[in-house]
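Written below as structure tokens is the structure these notes are about.
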Amino acid sequence: MEWFVLDEISSDVVARERLLDQTMGPNRKGVGSESLREGNVPAVALVAKDADGTLVGTVRLWPVSVPGAGAVLMLGPLAVDPASSGCGLGSRLLRQSVERARAQGWEAVILVGDPGYYGRFGFESYGGIAMPGKASVGRRLLGLELRQGALADAGGLVSRPELPGFALAA
């Protein structure tokens with residue numbers, strides 16, 4: 001299969017939301033990480049399209065504040081159309097989004113996910129960091145340092161950046 005990974009544009013929103021509903025279910029907006037996305041603007045937003053221009057994958061990285069850490073992005077959601085899964089598209093989206101974050105000067109990426117899956121990309125458990133909401137994520141809160149030591153002193157509750165439109169200059 002051939003895919004094209006592109007910057008998300010406004011005309012992708014409907015197809016992206018449909019894909020997220022399909023892959024993550026109708027209750028996906030009830031999770032604690034959604035409060036970090038609400039009113040925030042992603043620093044990285046990529047989509048994958050097939051040769052016909054159909055959106056088959058999406059990934060977004062959002063600025064967040066983590067006490068004791070540098071410039072941090074939260075990855076999520078990452079989704080691939082079930083018909084395109086198992087072919088490396090999710091890995092490609094993840095790698096390209098992290099490289100884009102690194103190129104923009106971000107120091108770390110965090111996410112809530114499966115350590116077995118994300119560990120192969122260098123993500124590790126950071127038990128001192130907590131997500132908003134009632135559910136404890138424990139070992140599922142993972143981080144990847146893009147600058148060595150960026151998460152060494154990180155701990156506490158993840159929150160939205162204090163400044164509206166917070167982002168690093170490209």
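The values are calculated or read from the model by the stated rules, or taken from the named source; none is laboratory data. Note that this is a predicted model, so its numbers are computed, not measured. All Cβ positions, even for glycine, are placed from backbone atoms using ideal geometry, and neighbour counts span all protein chains on display. The area values use the complete protein model at the heavy-atom level, side chains included, leaving out ligands, DNA and RNA. Shrake-Rupley method; radii C 1.70, N 1.55, O 1.52, S 1.80 Å.
For every helix of n ≥ 4 consecutive DSSP H residues, a contribution of -39,500 (n - 2.57) applies; sum these over the chain, divide by its total residues, and give [θ] at 222 nm rounded to the nearest 500 deg cm²/dmol.
Estimated from H runs of four or more residues: -6000 deg cm²/dmol.
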For a Förster distance of 30 Å, can you work out the FRET efficiency between the beta-carbons of S159 and D21, rounded to the nearest 0.05?
0.70
Which order do peptides 125-131, 107-113 fall in by mean Cβ count within 10 Å, highest first?
107-113, 125-131
If the elastic network links every pair of Cα atoms under 10 Å, which of A154, A51, A71 fluctuates the most in the Gaussian network model of the chain?
A51
Please report, for the Cα atoms of the chain, the Rg to one decimal and the Dmax as a whole number; what are they, in angstrom?
15.3, 46
What is the helix-to-structure angle for 13-24, meaning the angle in degrees between its Cα long axis and the longest Cα principal axis of the chain, kept from 0 to 90 and rounded to the nearest 10?
70 degrees
Using a simple spin-label model with points 7 Å from Cα along the Cα→Cβ vector, what separation in nm is obtained for V41 and M1?
3.2 nm
Distance in nm between label sites at E124 and S10, each 7 Å beyond Cα in the beta-carbon direction?
4.3 nm
Given a 1.4 angstrom probe, I'd like the percentage of the accessible area of the chain that is carbon and sulfur, rounded to a whole number.
51 percent
Under a 1.4 Å probe, what is the accessible area of the chain per residue, stated in Å²?
51 Å²
Quick one: grab Rg to one decimal and Dmax as a whole number for the stretch 1-80, Cα atoms only, in Å.
13.5, 45
What do you get for the angle between helix 89-104 and the principal long axis of the chain? Use alpha-carbon atoms, 0 to 90 degrees, nearest ten.
50 degrees
Using the charge dipole of the chain (Lys, Arg: +1 at Cβ; Asp, Glu: -1 at Cβ; taken about the Cα centre), state which of V98, L73, G116 has its Cα farthest towards the positive end.
G116
Size of charge dipole - the chain - debye, nearest 20, with Cβ of Lys, Arg +1 and Asp, Glu -1, no other charges:
320 debye
